[in-house]
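Below is one structure, written out as structure tokens, with a few remarks after it.
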Amino acid sequence: MLLVLGSCRATKYLEKDQALIKAVKIRGINKNLVEQAEQYVQNGLQKNSRFNLALYNTFNTKKGKYRTDKIKSIGEAPHLLDSSLLEISRSEIEKFLKTKGYFNAKVKAEVQKKDQRAYITFLADTSMSFKIGSISHTIPDTAVRKLYEAQVNNFTHIHQEKTYDQDSLVHDRDKIHEILGRNGYYEYLKSYMTVNLDTTKAPFKTDVHVYIDNPPGELKHQTYTFNESFIAIRNSKGHLKRDGDTTTLDGQYHFTSYSNNFNKKIIKRYLFINKDELYNIDNYNLTRDRLYALNIFRNIKIDLKKTADSTNRLNAYYDLTPSKKMSNRIEAACQINNVSNGFKFANTYANKNLFGGAELFEFRASYDIQFDATYDGFFQQVLSRDFNIGVSLSFPKLIPFNFSRLSRNGVPRTIFVSNFEFFDQRNQFTNRIFINSMTYNWIESPYRTHSFTPINVEYRVGEYTSGFRTTLIDQGYSLLVATNDRTSINLGSRYMFIYNAIKLKELSNFNYFSLSLGLSGNTSSLLSKVFDSKINTDGTRTLLGLTYEQYVKPEIDFRAYKFLGNNNQLVIRINPGIVVPYGNTKELTFEKLFFGGGSQGMRAWQGRTLGPGAYNRATISTEATRNSLRGLDQIGEIKLEANVEYRFKLITKLLGGSLKGAIFGDFGNVWRLTPNTLNPGGEFKVDSFMKQIAIGSGLGLRFDVNYFILRLDLGIKVKDPQFTDSDQWVIRHFFNRKEFKERYAATNAPDVYSFLNFNIGIGMPF
């Protein structure tokens, strides 16, 4: 409320001769150019964000005036009418229009003042735009001319009858520089290309003549070849204080190491500046990028210097500063609502260069405890405990293969993981899972990455307490007991493809796509048949005397990102998935299935509290069983989710970071493949699944401090498929929710209905 009032009284702190910028408009130009032209309006002349201004006024005013000292860097200072900024903006807009082919453009600024508020309009008289007439070139160096003529049609943005645009000339200049930089021309400068425009031959036409000059005093451009490389590796403190260990590899890579912690052969693998090869700027950039990707150097400097003779050769000098070898990260999270309260603690230790070959070793331990909020007292009743401990070791290669070409696209990784998880739910169910896996990660191109896990061995021990087991069987949940109350072993594999992950932090228009495919049980089935393993009474086979699961699990994540200007972005996401048991498996263990809700999906619902389908937990016969099954019964083999989120800037500068907002809508549910006694009404049906789509909406805040994003989302339930007909639109009951929640408690106790759900997380939801 304070900020709202501050916004409404934004002019009360101004001097009499001051005026607050209220609106800025640009008239008379092509609508496609308006957004670009607006960028030339000086920042101090643009309209303030009401929220940012109100925030600034709250902390930087005293006794009805703006403070002149001890000014706090919170919010945004008022943007006031300034004649000098007005003239600069007018002139810059005019210049911009001329770069877009409106050579005769004139811009004038009009200002209207009312109640110490300024309304600015820039009026442009553009006349007709100039189009490109003839295109010609003069290039004295025959070798350069041949390269230009051979490739110009592949890159040029300059075409006859196209409206003149200075950006097209800049694009061509940059492309010529790239082409020559790939073909040995180390000393070629962008300034060697000049363009002459001739507007005298025809009305509203300009002839374009490209000229690529030789270096001053030279008859041609010189080409260069790479020579030898000299690599200096500093010590852990970044110093070169003592005599280093000198090693030469392949007769051209001369290492001087002031630290004995690095395998030179691994580093050499990512050096693409090779002796006797023609200078290529791409190989220079590739070498720098791959050395950074090894994640063992915090600073990399590569200098090219001409040899002392006149043979046009270049020596490469590397200055590598190691990163901090070991690190430790502690994380903590807290969840508080009317359903459950809980804490999560995690610690991750990392060693970036364990054996000296850019291996990454990580040890992680976490503990998650949840308390049942339906009981009196914050810590009165433990709902669940989850302890996880694991190690991973990553090597910068695909063991045992040697696909050297993959090194050009990115650093491939072989990752070995061992993980143990102990889960206990209110002393009624325990689950112990021990997983060992090997994964290959490689980069096909900057936009395409692959991950393949050929080996994933999972040993699982699930166990119900005797009393709870008996209760479930008596109430008809024998299949649930048979599926989860057992010891099993699973041999599986997984593949994942990701497209455009590199663009996720960009504000641009692009699509993101990922596909994951999990397979389990085929190898187990083969081994079971080969060794003629025991067959259980229910007809299922075993391996080493243990049951195994067979299933296929594909999942897709498609997103469309639309940049709307001024740090605003629209994201649309579709995330379907299905897991199909077959062969040796009729019913999958609950952790293999999908669930609805959570901070990265249906944000108005807590995780494992949505669906499946139209399932309502009131069908569980007793309150005690309903309480015990919480988190175990709202699962399914089919998932379908969609999200729409609009992201926008709120505060540019806040406590060393920036604050962004979000408005979102979430749509989706999970379903069972076939009818199940555990979840009546939860099966997927083509003619009814659309009626069972849950809808949630909400608001979010993202505090961005560059190296991480702290996220807060508030989701509100709009449509809940556990109810029937019009009652599904629970938003109607939001303002009489006391009565609604009482009716719900009468049938679903101890479950408590919550219209709102808070989510706190690190990073963007998607």
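What number of residues in segment 388-415 are surrounded by fewer than 16 Cβ atoms within 10 Å (Cβ to Cβ) and closer than 13 Å to residue 359 by Cβ? Total meeting the criteria: 2. Whenever a residue of segment 710-739 is outside the structural domain of residue 665 (by TED's automatic domain parsing), it has no partner that is not in a strand (DSSP E or B) lying with C-beta atoms less than 7 angstrom away and at least six residues away or across chains. Report yes if some residue within segment 741-751 is surrounded by fewer than 17 Cβ atoms within 10 Å (Cβ to Cβ), hydrophobic (A, V, I, L, M, F, W, C) and assigned to a strand (DSSP E or B); otherwise report no. Looking for residues that are surrounded by fewer than 17 Cβ atoms within 10 Å (Cβ to Cβ), hydrophobic (A, V, I, L, M, F, W, C) and assigned to a strand (DSSP E or B), one finds none in segment 741-751, hence no.
For residue 624, the conditions (1) crowded, with 22+ Cβ neighbours inside 10 Å; (2) closer than 28 Å to residue 747 by Cα all hold with the exception of (1).
Of all the criteria given as (1) crowded, with 21+ Cβ neighbours inside 10 Å; (2) under 30 Å from residue 715 (Cβ atoms); (3) of a type in the set (Asp, Glu), the one not satisfied by residue 549 is (2).
For the condition touching a Leu at 6+ places or on another chain (Cβ under 8 Å) and either over 30 Å from residue 13 (Cα atoms) or free of Cβ contacts under 8 Å to residues at least 40 places away in the same chain (or both), what is the one hit in 150, 118, 143, 105?
Working: 150 fails: touching a Leu at 6+ places or on another chain (Cβ under 8 Å); 118 fails: either over 30 Å from residue 13 (Cα atoms) or free of Cβ contacts under 8 Å to residues at least 40 places away in the same chain (or both); 143 fails: touching a Leu at 6+ places or on another chain (Cβ under 8 Å).
One residue alone meets the criteria, 105.
Kindly provide the set of residues from segment 436-479 that are over 30 Å from residue 503 (Cβ atoms), assigned to a strand (DSSP E or B), in contact (Cβ under 8 Å) with a residue 24 or more places away in the chain and not basic (Lys, Arg), ordered by number. Can you show your working first?
Start the filter on segment 436-479 by keeping residues that are over 30 Å from residue 503 (Cβ atoms), which leaves 436, 455, 457-479.
Narrowing further to those that are assigned to a strand (DSSP E or B): 436, 455, 457-464.
This time we only want the ones that are in contact (Cβ under 8 Å) with a residue 24 or more places away in the chain, so: 455, 457-464.
Matches in segment 436-479: 455, 457, 458, 459, 461, 462, 463, 464.
The set of residues in segment 231-254 being surrounded by fewer than 16 Cβ atoms within 10 Å (Cβ to Cβ) and either in a strand (DSSP E or B) or in contact (Cβ under 8 Å) with a residue 40 or more places away in the chain (or both) consists of 236, 238, 245, 246, 247, 248, 249. Can you spot a residue in segment 53-67 that is within 35 Å of the chain's Cα centre (by Cα) and among the β-branched types (Val, Ile, Thr)? There is at least one residue in segment 53-67 that is within 35 Å of the chain's Cα centre (by Cα) and among the β-branched types (Val, Ile, Thr). Could you list, in sequence order, the residues of segment 509-546 that are in contact (Cβ under 8 Å) with a residue 40 or more places away in the chain and assigned to a loop (DSSP other than H, G, I, E, B)? Answer for segment 509-546, where residues must be in contact (Cβ under 8 Å) with a residue 40 or more places away in the chain and assigned to a loop (DSSP other than H, G, I, E, B): 509, 521, 538, 540, 544. Only one of the numbered conditions (1) in contact (Cβ under 8 Å) with a residue 60 or more places away in the chain; (2) buried (at least 22 other Cβ atoms within 10 Å of the Cβ) is violated by residue 637, and that is (1).
Scan segment 688-702 for residues that are in a strand (DSSP E or B) and surrounded by 18 or more Cβ atoms within 10 Å (Cβ to Cβ) and jot them down. Spell out the reasoning first.
Of segment 688-702, the ones in a strand (DSSP E or B) are 694-702.
Matches in segment 688-702: 694, 695, 696, 697, 698, 700, 702.
Residues of segment 184-199 that are in contact with a strand residue (DSSP E or B) (Cβ under 7 Å, 6 or more places away or on another chain) and not hydroxyl-bearing (Ser, Thr, Tyr): 184, 193, 195, 196, 197, 198. Scanning segment 582-615 for residues that are modelled with pLDDT of 90 or more, surrounded by fewer than 22 Cβ atoms within 10 Å (Cβ to Cβ) and either small (Gly, Ala, Ser) or part of a strand (DSSP E or B) (or both) returns a single hit, 583.
Name the residue, out of 714, 640, that is within 22 Å of the chain's Cα centre (by Cα) and within 24 Å of residue 480 (Cα to Cα). Unique residue meeting the criteria: 640. Restricting segment 703-740 to residues that are of a type in the set (D, E, K, R) and part of a strand (DSSP E or B), the residue that is farthest from residue 766 (Cα to Cα) is 719.
The values are calculated or read from the model by the stated rules, or taken from the named source; none is laboratory data. From a predicted model like this one, the values you see are computed outputs, not experimental measurements. Cβ: placed from backbone, ideal geometry, glycine included. Neighbour counts: every protein chain shown.
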